[in-house]
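Colleague: Quick one: the structure is below, questions incoming.
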């Protein structure tokens, strides 16, 4: 799902030139008024002849969470991060190998649902490591707790048939 928005901006001092926004075309942009949880790409900019107003066309889409069950890991010289994901009750939801460990607060997807990695201390994330950071087991599992992440109310939702 994507949204195209038109923003009108005015210069603080002076005016815009016809090419004031050329360097931002097709790049990700951040500015006041845009939801920081979405990715925004500038796709067009039109400046009035007198340079007093610019109309920016922004293509916005929600940030995709990293999929724990549909990702493809390209085998490389970088060792895999072995991840064991649990729900808040401790039930194992999945075990997977990723290119990098998960970070607290990171948004991920699993079984078509969106989750957020819960905050945890190092001894909770890496329970098989000793006080020197060395793994005592065969596999250095990262244990993460996933919390269900609902789509915020201000984001559009897909309408299901029959509803």
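Colleague: Could you work out how far apart the two model spin labels at residue 114 and residue 131 are, taking each label as a point 7 Å from the Cα in the direction of the beta carbon, and quote it in nm?
Modeller: Roughly 4.3 nm, to one decimal.
Colleague: Please compute the modelled spin-label separation between residue 138 and residue 124, points set 7 Å along Cα→Cβ, answer in nm with one decimal.
Modeller: 2.8
Colleague: Helix-derived [θ] at 222 nm for the chain: sum -39500 (n - 2.57) over DSSP H runs of at least 4, divide by residue count, nearest 500?
Modeller: Taken over the chain, the calculation gives -500 deg cm²/dmol.
Colleague: Classify the chain as rounded, prolate or oblate, taking a ≥ b ≥ c as the square roots of the eigenvalues of its Cα gyration tensor: rounded when a/c is under 1.5, otherwise prolate if a/b is larger than b/c and oblate if not. Walk me through the numbers before you get to the answer.
Modeller: Values: a/c = 3.02, a/b = 2.12, b/c = 1.42.
It comes out prolate by the Cα gyration axes.
Colleague: Sticking with this structure for a sec: Could I have the simple spin-label model distance between residue 57 and residue 30, label points 7 Å from Cα toward Cβ, reported in nm to one decimal?
Modeller: The two pseudo-label positions are separated by 2.6 nm.
Colleague: Quick one: grab the alpha carbon gyration tensor of the stretch 66-148, order the square roots of its eigenvalues as a ≥ b ≥ c, and give me rounded if a/c is under 1.5, else prolate or oblate depending on whether a/b is larger than b/c. Mind showing how you got there, number by number?
Modeller: Working: a/c = 1.96, a/b = 1.18, b/c = 1.67.
Note, shape of the stretch 66-148 comes out oblate.
Colleague: While we're here: Given the peptides 109-117, 70-78, arrange them by the average over their residues of other C-beta atoms within 10 Å, most packed first.
Modeller: Answer by packing, highest mean first, reads 109-117, 70-78.
Colleague: Further, regarding this structure: Which ordering of 12, 44, 19 is given by a fewest-first count of other beta-carbon atoms within 10 Å?
Modeller: Numbers: 12 5, 44 14, 19 9.
By the 10 Å Cβ count, ascending, the order reads 12, 19, 44.
Quick note: the coordinates plus some simple rules give every number you see, no bench work behind them. Since this is a predicted model, take the numbers as computed values, not measurements. So basically every Cβ, Gly included, is an ideal-geometry build from the backbone, and we count neighbours across all protein chains shown.
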